[in-house]
Amino acid sequence: MTHRLTSKDILALGFMTFALFVGAGNIIFPPMVGIQSGEHVWIAAFGFLITAVGLPVITVIALARVGGGIDALSSPIGKAAGLLLATVCYLAVGPLFATPRTATVSFAVGIAPLTGDGTLPLFIYSLIYFALVIGISLYPGKLLDTVGHFLAPLKILALIVLGVAVLIWPAGGVSPGTEEYQRAAFSSGFVNGYLTMDTLERWCSVSSSSMRRAHAVLKMPNC
């Protein structure tokens with residue numbers, strides 16, 4: 001039996017989902033697309049939103065409809081192909097691309113201006129960063145408390161401050177778009193949206209047992 005979610009639970013769960021969606025790729029690629037597209041920014045943004053926002057949302061809906069498992073979603077293509085697809089996805093969002101990117105981006109944005117862009121500062125920062133990540137990951141049942149109540153509001157506040165600062169102190173005027181965006185703004189934005197890897201990350205995170213256990217904290221027996 002489950003109890004009815006309170007407004008606080010819904011808000012915290014929404015914050016947690018937002019925090020899990022917004023990663024390093026969402027910090028890198030939108031500004032890059034905006035700068036490179038120039039006067040074609042709205043066309044490029046439309047293509048970007050399809051793959052950076054639309055596909056991840058569709059992935060979450062699809063996984064929810066089949067019960068939140070990669071094995072169930074990939075069953076039409078067979079067990080061998082499904083296993084291969086799941087392996088590639090987990091490697092891409094794990095040790096090969098996305099996970100190292102979370103450390104390097106946060107280091108480049110917040111630490112490198114203070115310590116310099118050297119190998120030793122990056123190594124020390126990575127050790128501390130991934131130690132904190134491991135500490136949080138060891139308690140998946142507390143994701144709602146650690147991410148939903150603390151990290152997500154902090155991330156939202158930081159994004160608001162960054163957005164307001166950009167509006168008040170712009171770096172400059174709109175520059176001409178690059179040749180790539182002048183030739184095909186929509187498709188260039190479309191490709192860069194996919195490079196955020198949010199679709200693959202949603203495939204893995206929504207399917208993972210840790211996510212299911214995080215949502216299970218909202219289930220309590222009736223007293």
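Read-outs: derived from the displayed coordinates by stated rules, not from any lab. Since the model is a prediction, treat every value here as computed from it, not as a measurement. Every residue, glycine as well, gets a Cβ built from its backbone with ideal geometry; the counts of neighbours run over all protein chains shown.
Figures for the structure shown
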{"read-out": "Radius, Kirkwood style, for segment 82-154 when every pair of distinct Cα atoms is counted (Å)", "value": "14.1 Å"}
{"read-out": "Alpha-carbon centroid distance for the pair segment 22-58 / segment 93-133, whole angstrom", "value": "23 Å"}
{"read-out": "Spin-label pair Thr99/Thr119, simplified geometry with 7 Å Cα→Cβ offset, distance in nm", "value": "2.3 nm"}
{"read-out": "Gained length - Ile111 relative to Leu49, 0.36 nm times residue gap less alpha-carbon distance", "value": "19.4 nm"}
{"read-out": "Isotropically averaged projected area of segment 7-216, using the convex hull of Cα atoms (one quarter of hull area), nm²", "value": "14.0 nm²"}
{"read-out": "Between 0 and 90°, nearest 10: helix 7-21 axis offset from the chain longest Cα axis", "value": "50 degrees"}
{"read-out": "Spin-label pair Val133/Val66, simplified geometry with 7 Å Cα→Cβ offset, distance in nm", "value": "2.6 nm"}
{"read-out": "Pairs of Cα atoms farther than 16 Å apart, segment 1-54, %", "value": "57 percent"}
{"read-out": "Footprinting exposure proxy for Arg202, Arg65, Arg101 (fewest neighbouring C-beta atoms within 10 Å first)", "value": "Arg65, Arg101, Arg202"}
{"read-out": "Using a Förster distance of 30 Å, the FRET efficiency for Asp9-Leu83 (Cβ separation, nearest 0.05)", "value": "0.25"}
